[in-house]
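Written out below as structure tokens is the structure these notes cover.
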Amino acid sequence: MSGADFLDTCVLVYAYMFDDPPKQKIAQELVEKGIAGKCVISSQVLAEFAAVLLHKVSRPAASDAVIAILNRLSPIKLIVPDTDLIRRAVEAHSTYGLHFYDGLIIAAAERAGCSRIWSEDFNSGQEYFGVTAANSFV
């Protein structure tokens, strides 16, 4: 899957939030690419996404609605952490000064052979271990 894109949590959140239609449209297009097999996510991204929908929005989603969304996202290739991925996240923390959890995103994208990470949380245009950060929402 070399050259695939990695979707960070914000992309999934914007795809299912209705308070910013321009961001939602962009995010929905990226999610559709993921469902079509052209993007990758990690278990961390899914967990953060579920937590946002269940706890961090003004109107939390019902559990069955979150499960339905997770089922819809299930075709997207998923990277699951292991010891080597966690080690690489620590290296990302050391090399780039990133928060550990951002390092996990970098490590997962690198493992998947992604060329780009769609996210608002990284310096757009910066390369991390060969993966370039991009912000589609600016």
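Within region 80-121, how many residues turn out to be touching a residue at least 40 places away in the same chain (Cβ under 8 Å) and not in a helix (DSSP H, G or I)? Please lay out each step first, then the result.
From region 80-121, those touching a residue at least 40 places away in the same chain (Cβ under 8 Å) are 88, 101, 104-105, 108-109, 112-121; that's our starting set.
Narrowing further to those that are not in a helix (DSSP H, G or I): 112-121.
The total comes to 10.
Have a look at ASP5, ASP64 and point out the one that is modelled with pLDDT of 95 or more and in contact with a Lys or Arg (Cβ under 8 Å, 6 or more places away or on another chain).
ASP5
Residues are listed down the side, and each one gets a yes or a no for (1) in contact with a Cys (Cβ under 9 Å, 6 or more places away or on another chain); (2) surrounded by 16 or more Cβ atoms within 10 Å (Cβ to Cβ):
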{"position": "VAL40", "(1), (2)": "yes, yes"}
{"position": "ARG87", "(1), (2)": "no, no"}
{"position": "THR95", "(1), (2)": "no, no"}
{"position": "PHE100", "(1), (2)": "no, no"}
{"position": "ALA109", "(1), (2)": "no, yes"}
{"position": "TYR128", "(1), (2)": "no, yes"}
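Please work out which residue is surrounded by the fewest Cβ atoms within 10 Å (Cβ to Cβ), limiting yourself to region 47-79 and to residues that are in contact (Cβ under 8 Å) with a residue 60 or more places away in the chain and in contact with a strand residue (DSSP E or B) (Cβ under 6 Å, 6 or more places away or on another chain).
Among those that are in contact (Cβ under 8 Å) with a residue 60 or more places away in the chain and in contact with a strand residue (DSSP E or B) (Cβ under 6 Å, 6 or more places away or on another chain), it is LYS77.
Among the residues of region 33-47, are any more than 11 Å from the chain's Cα centre (by Cα), basic (Lys, Arg), assigned to a helix (DSSP H, G or I) and closer than 20 Å to TRP118 by Cα? Please lay out each step first, then the result.
Step one: list which residues in region 33-47 are more than 11 Å from the chain's Cα centre (by Cα), which gives 33, 35-38.
Next cut, basic (Lys, Arg) only: 33, 38.
Filter once more, keeping what is assigned to a helix (DSSP H, G or I): 33.
Checking which are closer than 20 Å to TRP118 by Cα leaves us with 33.
Checking region 33-47: at least one residue is more than 11 Å from the chain's Cα centre (by Cα), basic (Lys, Arg), assigned to a helix (DSSP H, G or I) and closer than 20 Å to TRP118 by Cα.
Residues are listed down the side, and each one gets a yes or a no for (1) in a helix (DSSP H, G or I); (2) of a type outside the set (Lys, Arg):
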| site | (1), (2) |
| --- | --- |
| GLY3 | no, yes |
| PHE6 | no, yes |
| VAL13 | yes, yes |
| LYS25 | yes, no |
| GLN28 | yes, yes |
| PHE49 | yes, yes |
| LEU53 | yes, yes |
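The values are calculated or read from the model by the stated rules, or taken from the named source; none is laboratory data. What you see is a predicted model, and the numbers here were worked out from it, not measured in a lab. Because the Cβ atoms are built from the backbone with ideal geometry, glycine has one as well, and the counts that use them run over all protein chains shown.
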